[in-house]
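Chemist: One structure coming up, written as structure tokens, with questions to follow.
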Amino acid sequence: MKDFATMNMSRRIPRYLCALGLLASVLMVSCTKADSTNTPAASTASTTTTNVSEVAIITTSEGVMVLEFYPDLAPNHVANFKKLARQGFYDGQCFHRVIKGFMIQGGDPNTKDDARKNAWGQGGPGYTINAEFNAKHHARGILSMARTPDPNSAGSQFFICHGDCGQLDNQYTVFGNLIKGFDVLDKIANTPTEEADRPVKRVNIDSIKIVPADSVK
């Protein structure tokens, strides 16, 4: 998968975001370079239209976050995320890379196994989708997709910006935004970390559910 690389001073810029291994730390998607030979063959997620606005409810060991989507800006990324969530792909994973003031990264199926920490940040769904870079600013709470140095290498790894990450604009695909649970985002971002920006205490992703937006209060 992809991960973010170390940034100047206390900030960091992406090496790869968490997508398949997330690019910029989001981005090994862990700060560790993924082996290009393990990159799945490209495949574009099919898009489906719906008259019902939907959101994602991410239930974690630290609380619940709710994300809205931007299908007008990145239809394939939104469709791909929803598809994986509905398949239960993300359930039981964890946020494997956390950088306070920058972002929290998840979406790697390898993180379901604590015995495979050396491979965290390098996993994906077995395919990639093409970039949908857009003008949306990587502000606090933005949901974006990780990738390797190849712009068209996103898969399943994603990140949520904890701080303003304008240096990622037009380099990573923004496809949603946090609308509830900023306190949970802060709690996760402030968790103590060890090597590779990995949380010392596991921050579990219990589930990601796609539900009608009007069902969330």
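Read-outs throughout are calculated quantities, based only on the coordinates presented, and are distinct from any laboratory measurement. Bear in mind that the values here come from a model prediction, so they are computed numbers and not experimental data. Cβ coordinates were reconstructed from backbone atoms using ideal geometry, including for glycine residues, and neighbour counts include every protein chain displayed.
Chemist: For residue 116 and residue 64, FRET efficiency with R0 = 30 Å and r from the beta-carbon atoms, rounded to 0.05?
Modeler: 0.65
Chemist: Could you tell me the calculated FRET efficiency between residue 139 and residue 72, based on Cβ-Cβ distance and R0 = 22 angstrom, to the nearest 0.05?
Modeler: With R0 = 22 Å, the Cβ-Cβ based efficiency is 0.80.
Chemist: Now for a separate question. Select from 188, 158, 215 the residue farthest towards the positive end of the dipole of the stretch 135-217; place +1 on Cβ of Lys and Arg, -1 on Cβ of Asp and Glu, and compute about the Cα centre.
Modeler: Selected residue: 215.
Chemist: So, in nm, how far is label residue 211 from label residue 83 when the simple model puts each one 7 Å beyond its Cα toward the Cβ?
Modeler: Distance between the two pseudo-spin positions: 2.5 nm.
Chemist: Moving to a separate point now. How far apart, in nm, are two points set 7 Å out from the Cα along the Cα-to-Cβ line at residue 179 and at residue 202?
Modeler: So the two model labels end up 3.1 nm from each other.
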